[in-house]
Amino acid sequence: MLAWVLLTGFALAFALPFLWMLGTSVTPQDEMPSGHTDALKALVPDHPTLVNYPRALKTLNFLPYLANTLYVCILTVLGTLVSCTLTAYGFSRIRWAGRDALFALMLSTIMLPTTVLLLPQFVLFRGLGWIGSYKPLIVPAFFGNAFFIFLLRQFFLGIPQELSDAARIEGASELRILWSILLPLSKPALATVIVFSFVWAWTDFMGPLVYLNDDRMYTLTVGLSAFLDRHEADWSGLMAGTALVSLPLAVLFLFTQRAFIRGIQRTGIKG
């Protein structure tokens, strides 16, 4: 019983910012609390209204920014799936000299903070002439991600090796084995990769902020920041825009949560 009480308390604590966002998004601008002490009043507004949402759609330039964000997210997810799946297959199902040592080296890159890599990556992309385009946000996804490679490798290791051996005896190539045997059995892990990579690309703020210099190319996260700069005290409009940005993530998780949770549970730590 105590465990349920503690878990409920933690859940409410984590849900409080989300509930405050929703409450503020339906609060009329003239009823917004003026001080920090009464900010929690926005949780339950006296006269809730949806007028902030169409206003946020227009002021935030929502639809063009949504199109930019979807463009980046879809290509990022595609690149992540292709690169990480092929690499994870090579690390898990094909034996070659130095495989484990190279995998350990790749795995160590997870410990590098993204802020440490920001400056050398910026210098590299500037030298390539990619600043001001979507290439710095998309192209790295086609070169793999250590976390997703690790996740898929662990899942592939849980699939019986006998299936691959039987396919090789029948003359199947490695790509054929991956496509026809491993991928159909790895839908939970692939769903996990899709959800994680989409969420990371959708919520990425630093990348678009650093590499994009044309406001017509902004993604939703940078657009929200620009909205705050232009409308400093319009918290109800900002929260309405934030709710609209968060809605696709909630819908995505709602439809993929079963496969997502199954993928996390079945990944394991087999090495």
_If Rh is defined by the Kirkwood formula over all Cα pairs and Rg also comes from Cα, what ratio Rg/Rh do you get for the range 49-116?_
1.29
*asked:* Can you list which of the DSSP-assigned H helices in the chain have a Cα extent of 27 Å or more along the long axis and an average Kyte-Doolittle score of at least 0.5?
replied: 2-25, 62-93, 235-267
_Loop trypsin sites (Lys or Arg not before Pro), the range 84-126, which have at most 16 other Cβ atoms in a 10 Å radius of their Cβ (DSSP)_ = Arg95
_Two decimals, Cα atoms only, Kirkwood Rh: what is Rg/Rh over the chain?_
1.05
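A short reminder: the numbers here are calculations on the coordinates, not readings from a lab. Since this is a predicted model, take the numbers as computed values, not measurements. Glycine also receives a Cβ, built like all others from the backbone with ideal geometry; neighbour counts cover every protein chain displayed.
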